[in-house]
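The values are calculated or read from the model by the stated rules, or taken from the named source; none is laboratory data. Worth saying up front: this structure is predicted, and the values here are computed from it rather than measured. With ideal geometry, Cβ positions are generated from the backbone for all residues, glycine too; neighbour counts draw on all protein chains shown.
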Amino acid sequence: MTKRIFRGIFLTALSAMILAALLITLSVYYVYEMRMTEELRSEAAYILHGLSRAESELAYFEGFASPNRVTLVAADGTVLYDSSKKASGLDNHYHRPEVNEALKTGSGESRRYSSTLAETTFYYAVMTPDGNVLRLSNTRSSVLGIFLRIAPLLLLIMSGVAVVSLVIARLVSWRIVTPINTLNLDAPLENDVYDELSPLLLRLDRQKKQIAMQMKALAEKQHELSAVTENMREGLILLDANSHVISMNASAGRIFGVEAGRMAGSSILALVRDALVKEAIESAHRGSSADAVFERNGRHYQVLASPVAQNGSATDVVLLMLDITDRYTAEMSRREFTANVSHELKTPLTSISGYAEIMRDGLARPEDMKAFAARICDEANRLIALVNDILELSRLDEHKGLGEKTEVDLLQMAQSVARHFMPRAEEKGIILSVDGMDLSVYGYPALLNEMIANLVDNAVKYTDRGGAVRISVAQRDNSIVLSVCDTGIGIPEEHQPHVFERFYRVDKSHSKATGGTGLGLSIVKHIAAVHDADIRLESEVGKGTCVHILFKRLHQL
Ligand code: ADP
């Protein structure tokens, strides 16, 4: 800016100087011309006066001397006398404008310019008493001539003025610009500068206040937004058109095990390389939303990739990540369950249809018929048990038909279950006993009865002749504990975490031989969950098994 002001001032000064030089030259020329005409006139008057007293006009010019050229021309144009050349050598002057005019009006003037010599000659003619024409002339430099003559002086003066205007231009531009450069823009109205800047400072102040207000509103919005994004459980990542992270929330950082604040600018590929996720992101870049599922640290996430802003052909993308582990595992176990159910149903059905076909085709011997029918009966019973268990599980899954919750005396219920199993226990030579405190829980009687029955059924099933099964009800810390312990075959340690899974059996053939469906313990697990109770399993191979159900006292009446 300083340079522009300086250049402006300096060029203005320079143009003014050149213009002034031209005007001065013209003025000088004009003054010259005026003085010369006056000089010629006064000398003509003087000569005329002399001529009127002389014997003859030609005699007057004998020995005549003048700084101007003097010519005497007869009325017919013949030159009678000339002070600088021989009169006889000069041509007829009748048609010279000044001579002609003098002959007509008594006096005449003219000037002639010689471009080769850059000179102008001035002529003044006047009629003499004898009827001749007296002409005086003088030659002076033309405007150009004068200019060339005074040019060195002008140049000197102009250089001097140029230097002075250079200094002044620098000083002025410095004085204009320095206060602007040192303006305190944080407080525009507090600046003490020249008046011309006041409107600018006022506007600056207004704009500053406006910007401050807008910034405040923006910061509030930003704060609101980050409060929402930072507190949401879902992961949120904003990507630019090149799939580089613009921002991500804390949940997204937790999902990928990175510090969210440090990820700006890094490629999304540094976080997730799953082909399906990459495909979803690319599709969002092309403008259409897509989703994919990926797994991180044992948890499953659904990622929704959506385009956010159109930016030429490429698009920014927002990724929303939802933890769908529960849904995912539920879906997986549902699929697994369906596959298992089909398999479990198919096995007894296949043997039923096999035996039935043999009997129908008359291939069985009459003495085997009874045994075959008994096998069909067994398999059908297994099938019924299986279907019942499956129905029970789905009822529990959907929390349907559970009946009314009420106070249930666990000890009484255990005794009733024990009475039911007593004949089987006695048959196997197993001592079945119940002991403990008379404690009650708040729950569904039918379900609790089924849970105890399943546990006792297993205990009797997996305990050999001469063993013992004990049901007890006790109080421990804040819990009411129902335990079913046996001195049976026990469960190997590696199988213990799995026995509550659906259709899981430690020894398939043994379980099947004893009529197990593989669903008993998962029904127990479900019923415990419905009552918000915990399960503890203690088992040692060859020594026995204990299953403890821990009810929270809170659930008591
Ligand atoms: P099942 O109908 O086969 O008994 P469960 O779900 O009730 O199915 O039990 C799962 C598996 O856990 C059984 O197959 C068995 O191997 C083991 N199990 C359950 N209870 C006992 C127990 N009291 N003693 C030893 N093993 C047991």
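Here is a list: ALA227, ALA187, ALA250, ALA212. Which entry is in the same structural domain as VAL303 (by TED's automatic domain parsing) and over 16 Å from the mean Cα position of the chain (by Cα)? Quick ask: steps written out before the conclusion?
On the way: ALA227 fails: in the same structural domain as VAL303 (by TED's automatic domain parsing); ALA187 fails: in the same structural domain as VAL303 (by TED's automatic domain parsing); ALA212 fails: in the same structural domain as VAL303 (by TED's automatic domain parsing).
Exactly one of ALA227, ALA187, ALA250, ALA212 is in the same structural domain as VAL303 (by TED's automatic domain parsing) and over 16 Å from the mean Cα position of the chain (by Cα), namely ALA250.
Within region 488-509, how many residues are modelled with pLDDT under 90 and near the ligand (Cβ under 7 Å from one of its atoms)?
Total meeting the criteria: 4.
Each row is one residue, and each column tells you yes or no for (1) modelled with pLDDT under 90; (2) assigned by TED's automatic domain parsing to the domain that holds LEU519; (3) in a helix (DSSP H, G or I).
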site: LYS370; (1), (2), (3): no, no, yes
site: ALA373; (1), (2), (3): no, no, yes
site: ILE376; (1), (2), (3): no, no, yes
site: ALA380; (1), (2), (3): no, no, yes
site: ALA385; (1), (2), (3): yes, no, yes
site: SER394; (1), (2), (3): yes, no, yes
site: GLN412; (1), (2), (3): no, yes, yes
site: HIS420; (1), (2), (3): no, yes, yes
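Looking only at region 190-208, filter to residues that are closer than 18 Å to VAL172 by Cα and in a helix (DSSP H, G or I); which one of those is farthest from the chain's Cα centre (by Cα)?
Among residues in region 190-208 that are closer than 18 Å to VAL172 by Cα and in a helix (DSSP H, G or I), the one farthest from the chain's Cα centre (by Cα) is ASP195.
Give the residue, chosen from ARG536, ARG502, ARG470, that is touching a residue at least 60 places away in the same chain (Cβ under 8 Å) and either in the same structural domain as GLU426 (by TED's automatic domain parsing) or in a loop (DSSP other than H, G, I, E, B) (or both). Show your work before the answer.
Details: ARG536 fails: touching a residue at least 60 places away in the same chain (Cβ under 8 Å); ARG470 fails: touching a residue at least 60 places away in the same chain (Cβ under 8 Å).
Unique residue meeting the criteria: ARG502.
Has region 325-348 got any residue that is free of Cβ contacts under 8 Å to residues at least 40 places away in the same chain, crowded, with 17+ Cβ neighbours inside 10 Å and not in a strand (DSSP E or B)?
Within region 325-348, one or more residues are free of Cβ contacts under 8 Å to residues at least 40 places away in the same chain, crowded, with 17+ Cβ neighbours inside 10 Å and not in a strand (DSSP E or B).
Select from region 532-555 the residues that are surrounded by fewer than 21 Cβ atoms within 10 Å (Cβ to Cβ) and farther than 17 Å from ARG476 by Cα and list them in ascending order. Before you say what the answer is, go through the steps one by one.
Just the residues of region 532-555 that are surrounded by fewer than 21 Cβ atoms within 10 Å (Cβ to Cβ), to begin with: 532, 534-538, 540-543, 546, 548, 550, 552-555.
Answer for region 532-555, where residues must be surrounded by fewer than 21 Cβ atoms within 10 Å (Cβ to Cβ) and farther than 17 Å from ARG476 by Cα: GLU540, VAL541, GLY542, LYS543.
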